[in-house]
Amino acid sequence: KDTIAVAPIPKTFAQRKNTEQSRIEVNVKTINLKVYDNAIVDGDTVSILYNGKLLLSHKLLSEKGIEINLELNENQTRHEIVLFAENLGSIPPNTALVVITAGDKRYELFASASLEENAVLVFDYRPK
């Protein structure tokens, strides 16, 4: 299992508006995310945060997908994934398709981030 080095959160992160773009309810603790460039692969780069902690920094979005396995903290209900656009690629804004697998459920969420706005995906954790 890869250990995640804690990198500093981008300075401009706090200057941007966080916009909730999707909200889903999940009832399992382990969630798998795959993040792809949406539509045309145009060089979009993102940093991804989970509940305020940087998971991945300056990752290029492609048709291959960036895979993240998340273990949700059972002591809280609301969980946030934030996509922070490091650039806008050649076709603004920075768009991503996020495929989420939670137990036997699969969701496709679209995220759009800009240099003014972070894309926020919210999970409401409600165990069975």
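Some values worked out for this structure:
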{"item": "Every pair of residues 6+ apart whose Cβ atoms lie under 9 Å, when the first sits in the stretch 105-118 and is of a type in the set (S, T, N, Q) while the second is open to solvent by 60 Å² or more (accessible area, probe 1.4 Å)", "result": "S112/Q21; S114/P92; N118/K17; N118/N18"}
{"item": "Subset of the stretch 109-124 (residues that are under 20 Å from K59 (Cα atoms) and in a strand (DSSP E or B))", "result": "L109, F110, A111, S112, A113, E117, N118, A119, V120, L121"}
{"item": "Residue check for S90: free of Cβ contacts under 8 Å to residues at least 40 places away in the same chain and of a type in the set (G, A, S)", "result": "no"}
{"item": "Top-ranked residue of the stretch 88-105 - restricted to ones that are farther than 15 Å from Y36 by Cα and not hydrophobic (A, V, I, L, M, F, W, C), ranked as surrounded by the fewest Cβ atoms within 10 Å (Cβ to Cβ)", "result": "D104"}
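For every residue, the table says whether it meets (1) touching a Lys or Arg at 6+ places or on another chain (Cβ under 7 Å); (2) among the polar types (S, T, N, Q); (3) at pLDDT 90 or above.
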{"position": "A5", "(1), (2), (3)": "no, no, no"}
{"position": "I24", "(1), (2), (3)": "no, no, yes"}
{"position": "N38", "(1), (2), (3)": "no, yes, yes"}
{"position": "K59", "(1), (2), (3)": "no, no, yes"}
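The values are calculated or read from the model by the stated rules, or taken from the named source; none is laboratory data. These figures come from a predicted structure and were not determined experimentally. As a convention, Cβ positions derive from the backbone with ideal geometry for all residues, glycine included, and neighbour counts pool all protein chains shown. The protein model used for the area step is the full one, side chains on, heavy atoms only, and it has no ligands, DNA or RNA in it. Shrake-Rupley method; radii C 1.70, N 1.55, O 1.52, S 1.80 Å.
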